[in-house]
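For reference, the structure is listed below as structure tokens.
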Amino acid sequence: MSLFAAQELAVRFGGIKAVDSVSFEVRQGEVFAIIGPNGAGKTTIFNLISRIYNPTSGRLMFDGQDITTVPPYRIAGLGIARTFQNIELFSNASVLQNLLIGRHCHARASVGSQLLFLPSTRRAEVSHREKVEDVIAFLELERYRDTLIANLPYGVRKIVELGRALCIEPKLLLLDEPSSGLNVEETEVMGFWIEDIKKDLGITVIMVEHDMSLVSMVSDRVMALNYGRVLAMGTPAEVQGNPDVIRAYIGGEA
Amino acid sequence: MRYLFKTRYQQDLALMRHGGDRMSYGLLLVVLLLIPAVLGEFYVGELGAVFIFAITGVALMLLIGYTGLVSLGHAAFLGIGAYTNAVLLEKGVPFVITLPASGATAALAGIAIGIPTLRMSGLYLAIATLAFGSIVGTVFQKWTAVTGGFDGFAVPTPTIFGFPIEGATGVYYLSLAVLLFVLWISVNLLRSPIGRAMVAIRDSEVSAQSMGINLSLYKTIAFAVSAGMTGLSGALFAHYVRFLAPDSFDILLSIQFVTIVFVGGLGSLHGAIFGALFVRLLPQAIAIVRDYLPSAIGRMPGLEPSIFGLILVLCILFEPAGIYGRWQKVKLYFNSFPMYRRTSFRRQRAYARSERLR
Ligand SMILES: Nc1ncnc2c1ncn2[C@@H]1O[C@H](COP(=O)(O)OP(=O)(O)OP(=O)(O)O)[C@@H](O)[C@H]1O
Ligand SMILES: [Mg+2]
């Protein structure tokens, strides 16, 4: 069954067709990778799904619902979480606070009860904290709990951003280049986290990634893009062997 | 050094982190309660004014320091609170109603200005609030039927359940009580989802949005809360000055408020208090020093605003963490003597949103 579908999705910025009539379906429980050379339109697809950009045409379907016109701040509440290519954490806040912000879409307390910090708000805060602690334990972030993001090494920030997305308790997780900026070992660790997220938490993942070893390690299916168009779709081996894909990466005109 | 061993999540939600905190804050409160019995009328009045400025400082800290929205129009909210309070008292409404009404009117004004302007960020928002401030100032001058215009407005003495709040001592205790209330509300806010949403908006709007935070809603809430608190402070200000003149709520006052936030230290409620103390004491210091300066400088018009501006700029350049940041460094130095390392406070970028001109 497909959890997410993009139908004939297109967006243009001025004259550039950044994404051009892209269709794909993501099945419940799989890891779906999007690959392609720089500027292929991968991040733009994520920004379309997060509703930061409006598509010029096409539709987005999630969990049986048309989300093409849903406002961006409702996306998390529907169960779609994401990370960013260049880490967008709240850098003057602690790891704990960052993860708690991930719980925002589950917060129900009224403004008044927050201003007075009524017992209901206090109870809700404790239960959010319990959920956050589950994520901290899952990703082994215990010793960084009270550290400011600005003081963390890059690799740890990537894990924190992943954790913040998990705090949303999403059905669909969008990871934009989870391995960028990481060394070989850290990339492998990231691969294990992604496998755990799929197997233990049962979360469906769409991942933009350049590192083919990571793609082969974790993904079930791969879509290759170039100049905003789909070049190939299939298992990692099929796509890597596709002559169009090879040509796109070597740099010839597709 | 003190190590805290936490065993319950509730401990992170507590107002005071440990017994030492309870001791020092308790002691401070006792001292503050005793001050009017010890010090003379003038000093009590000045401290009352510090409290009033501290309330606005806290309000503006929530907006600038925690949400990253710069306002150069907060004197207008102060004025709205002051006039609402004075006009309603004049009409015979009891003070227990006029005080919250001043906060509510200012909060409504905050929402009214917030909705059209909060799409803007950085400098554009600063300029929009500046314009709002001067429009409100003009309204105070021209709407003579209500405000009395340049004839001014004598503020009636408030009574609470029959007891008149009179003189410097009355204003002192009243302002202290309102300051404590405002601090309590602020701490509540900061440990709740709204406060975290504010910090999220300050640090990264895109990512706040993907966390499910409705940017315009939370910016409006931050603006309303900040304006409302400033309105309360305005009501007290009316009693401090006792006579309202429409031109006292001008841009210079707004800049003093912004100075409180930057000098005190962005992103800290303690900073707002230190900042208010500084901003209220500086004019006194200038007045004293003035007599010893060569008259070309000492009698120069605009000496005070220039010094304010200079200090604001120096603070932003050299001590973004403000007085409170400096205090924490000194405290850490003594706590960890002789193992203090300069890098314990590696300099971090200050996060006034106006810096990020995109
Ligand atoms: N907001 C925007 N305005 C104008 N052009 C844009 C915008 N966002 C993306 N583009 C253009 O769309 C194209 C695709 O960009 P995108 O960021 O999706 O590439 P990408 O596949 O993620 O590349 P990379 O591997 O470098 O991250 C690029 O040509 C980019 O310049
Ligand atoms: Mg990209």
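FYI, it's all coordinate maths here, none of it is from the lab. Predicted model, so just to flag it, every value in this text is computed and none were measured. Cβ sites come from the backbone with ideal geometry, for glycine too, and all protein chains shown count toward neighbours.
Of note:
- Considering residues of the range A:163-190 that are acidic (Asp, Glu), away from ligand 1 (no atom under 16 Å from the Cβ) and at negative phi only, the residue surrounded by the most Cβ atoms within 10 Å (Cβ to Cβ): A:Glu186
- Whichever residue in the range A:59-91 is under 20 Å from A:Ala6 (Cα atoms) and among the hydroxyl-bearing types (Ser, Thr, Tyr) and, among such residues, is nearest to the other protein chains (Cβ to nearest Cβ): A:Tyr73
Listed here are the residues, each with its yes/no results for (1) free of Cβ contacts under 8 Å to residues at least 12 places away in the same chain; (2) assigned to a helix (DSSP H, G or I); (3) in contact with a Leu (Cβ under 7 Å, 6 or more places away or on another chain); (4) more than 8 Å from chain A (Cβ to nearest Cβ).
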| site | (1), (2), (3), (4) |
| --- | --- |
| B:Ala168 | no, yes, no, yes |
| B:Tyr172 | no, yes, yes, yes |
| B:Leu179 | no, yes, no, yes |
| B:Asn188 | yes, yes, yes, no |
| B:Val225 | no, yes, yes, no |
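- Just one of (1) more than 10 Å from chain B (Cβ to nearest Cβ); (2) over 28 Å from A:Ser219 (Cα atoms) fails for A:Leu115. It is (1).
- Residue count, the range B:101-154 (criterion: in contact with a Pro (Cβ under 6 Å, 6 or more places away or on another chain) and surrounded by fewer than 20 Cβ atoms within 10 Å (Cβ to Cβ)): 1
- Condition met for A:Asp134 (away from ligand 1 (no atom under 16 Å from the Cβ) and without any contact (Cβ under 8 Å) to a residue 12 or more places away in the chain): yes
- Test result for A:Ala81, in a strand (DSSP E or B) and more than 27 Å from A:Tyr249 (Cα to Cα): yes
- Among the residues of the range A:155-178, just one is without any contact (Cβ under 8 Å) to a residue 60 or more places away in the chain and either over 20 Å from A:Val215 (Cα atoms) or within 16 Å of ligand 2 (Cβ to nearest atom) (or both), namely A:Val156.
- The sole residue among A:Phe90, A:Phe32, A:Phe24 that is among the aromatic types (Phe, Trp, Tyr), in a strand (DSSP E or B) and in contact with a Ser or Thr (Cβ under 7 Å, 6 or more places away or on another chain) is A:Phe32.
- Whenever a residue of the range A:23-50 is under 21 Å from A:Leu214 (Cα atoms) and away from chain B (no Cβ under 14 Å), its partners that are within 8 Å of ligand 1 (Cβ to nearest atom) and among the basic types (Lys, Arg), lying with C-beta atoms within less than 9 angstrom and at least six residues away or across chains, give the pairs A:Ile34/A:Lys42; A:Ile35/A:Lys42; A:Gly36/A:Lys42.
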